[in-house]
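Remarks on the structure that follows.
The values are calculated or read from the model by the stated rules, or taken from the named source; none is laboratory data. Predicted model only: the values in this text are computed from it and were never measured. Virtual Cβ from ideal backbone geometry, glycine too; neighbours counted across all protein chains shown. The accessibility values were calculated without ligands, DNA or RNA, using every heavy atom of the protein model including side chains. Shrake-Rupley method; radii C 1.70, N 1.55, O 1.52, S 1.80 Å.
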Amino acid sequence: MRIHPLGLGHTLGIRAFATALFAAVLAMPAAAQDVRIDVDAALAERSIGAADAPVTIVEYASMTCPHCAAFHKETYGAIKERYIDTGKVRMVFNNFVLNAVDLRAAMMARCAPADRFFGLTDVLFKTQNTWARAADPVAEIAKIGRLAGVDDATFKACMASEPLANGLIAQRQDGTKAGVASTPTFIINGERVVGGHSVDELAAIIDPLLKK
């Protein structure tokens, strides 16, 4: 597997990661009554683009990573227009949670209707400086969730779901096993590409794959 070291993204120590994430799981609030989170559905693959697209991009990203936010603000829209909307690329989004706030944001996005996931993720990245730096980031995440149909009862049940939290932590661990050490990292038809990139940089990798 060839690595493109065009940027390292955001890296963290595994000890700090484990401490923060498991503390967040232990601090889960009581679940809302009569609201059940379908954890299997919440953890199911989130992808956009044609199932038979010749190129698959798997993105590993953190909701609180500024490099990930920059990619989604500056590059993702052009990639979607040029490659995803034209059936050339299928993009899969995997959460690579880095901290307790990131975990909460990822859980909320996973609890939203699946067809709103990418739009909601886009909003989270574009407003990252607002909610991630707020005095009460969870309250701000809840506000964003309401716009995507995550009502207060669902949000509370979502935040209380230890299976969902543990599933997202496991997804991060799966990414680590695949060689992901920082965010964002992209795996493009099996080739690992590290860090945020411009449209032209990614096109230089994608376009040759479309000719095979």
Q: Look through the range 133-188, keep the residues that are of a type in the set (S, T, N, Q) and within 22 Å of Asp40 (Cβ to Cβ), and return whichever of them is least open to solvent (accessible area, probe 1.4 Å).
A: Ser161
Q: Counting only residues that are under 14 Å from the mean Cα position of the chain (by Cα), give me the helices (runs of 4 or more DSSP H) lying completely in the range 101-164 with at least 3 of them.
A: 117-126
Q) Of the residues Gly77, Gly87, which is small (Gly, Ala, Ser), farther than 20 Å from Ala181 by Cβ and not in a loop (DSSP other than H, G, I, E, B)? A) Gly77
Q. Of all residues in the range 47-64, which are open to solvent by less than 10 Å² (accessible area, probe 1.4 Å), under 27 Å from Leu103 (Cβ atoms) and out of contact with any Pro (no Cβ under 7 Å at 6 or more places or on another chain)?
A. Ile57, Ser62, Met63
Q. Since Ile187 meets every condition but one in (1) without any contact (Cβ under 8 Å) to a residue 60 or more places away in the chain; (2) within 18 Å of Phe96 (Cβ to Cβ), which condition does it not meet?
A. (1)
Q | Every pair of residues 6+ apart whose Cβ atoms lie under 7 Å, when the first sits in the range 78-107 and is over 19 Å from Leu120 (Cβ atoms) while the second is assigned to a helix (DSSP H, G or I) and open to solvent by 10 Å² or more (accessible area, probe 1.4 Å) | A | Ala78/Val199; Lys88/Leu210; Asn99/Ala20; Ala100/Ala20; Ala100/Ala23
**Q.** Whichever residue in the range 190-212 is charged (D, E, K, R) and free of Cβ contacts under 8 Å to residues at least 12 places away in the same chain and, among such residues, is surrounded by the fewest Cβ atoms within 10 Å (Cβ to Cβ)
**A.** Lys211
Q | Check on Ala114, touching a helix residue (DSSP H, G or I) at 6+ places or on another chain (Cβ under 8 Å) and open to solvent by 50 Å² or more (accessible area, probe 1.4 Å) | A | yes
